[in-house]
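One structure is given here, and the rest of the page talks about it.
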């Protein structure tokens with residue numbers, strides 16, 4: 001069976017940056033399972049996985065536009081320090097949820113001055129070329145429940161998705 005829309009694929013992968021440093025990997029853990037064709041992995045990786053069968057091993061280089069997008073300077077924003085919740089730890093590297101016109105989105109503090117805090121709303125991998133080594137572990141048809149509600153990857157029995165309860 002090949003990877004195609006509405007199938008669940010399980011993959012082992014190692015993701016590296018341009019310098020060869022490992023960013024993420026399934027090594028030492030379970031394979032990543034995802035519902036193909038539903039935007040559950042970055043577009044470039046999904047395109048590279050299309051049509052692959054269990055046992056396939058391949059390398060893929062994903063350009064930023066097919067990964068986490070181009071780095072956008074307009075998502076680096078200064079806020080008055082007093083706009084943060086009282087008692088909030090406002091340190092470089094801290095992540096917060098900011099409210100925007102389209103709902104909440106994560107931001108990372110990149111500069112913390114006495115009166116102004118600069119946050120970056122870009123994904124940490126935005127603007128970066130991604131280097132994957134992938135092995136397809138398995139492919140199966142998705143269940144009707146998975147097609148209706150998605151595939152939960154938390155594996156922790158959460159209460160927020162139908163896949164866990």
Assuming R0 = 30 Å, what is the FRET efficiency of residue 97 and residue 65, from their Cβ-Cβ distance, to the nearest 0.05?
0.70
Likely footprinting exposure, 120, 17, 74, 12, fewest C-beta neighbours within 10 Å first
74, 17, 12, 120
Return the single residue from 130, 15, 147 with maximal mean-square fluctuation; model: Gaussian network over the chain, springs between Cα atoms under 10 Å.
147
Inter-label distance for residue 129 and residue 111, nm, one decimal - labels placed 7 Å from Cα along Cα-to-Cβ
2.9
Exposure proxy check on 41, 136: fewest-to-most Cβ neighbours within 10 Å is 41, 136
Expected-Rg normalisation [2.2 N^0.38 Å, Cα atoms] applied to the chain:
1.23
Contact order relative to length for the chain, counting C-alpha pairs under 8 Å separated by 6 or more residues, stands in percent at 31
When the helix-only estimate is applied to the chain (DSSP H runs of n ≥ 4, each -39,500 (n - 2.57), divided by the residue count), what is the mean residue ellipticity at 222 nm, nearest 500 deg cm²/dmol?
-2000 deg cm²/dmol
What residues from the stretch 46-82 fall in the zone where the backbone N is under 16 Å from a label point 7 Å along the Cα-to-C-beta line of residue 1?
50-56
Where does each of 49-56, 101-108 land if you order them by average Cβ count within 10 Å, highest first?
49-56, 101-108
Most mobile of 98, 142, 70 in a GNM of the chain (Cα contacts under 10 Å)
98
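The numbers here are math on the coordinates, done by the rules we state, and not lab data. Treat the numbers as computed from the prediction; the structure is a model and nothing was measured. When we count neighbours, we look across all protein chains shown, and the Cβ atoms used for this are built from the backbone with ideal geometry, even at glycine.
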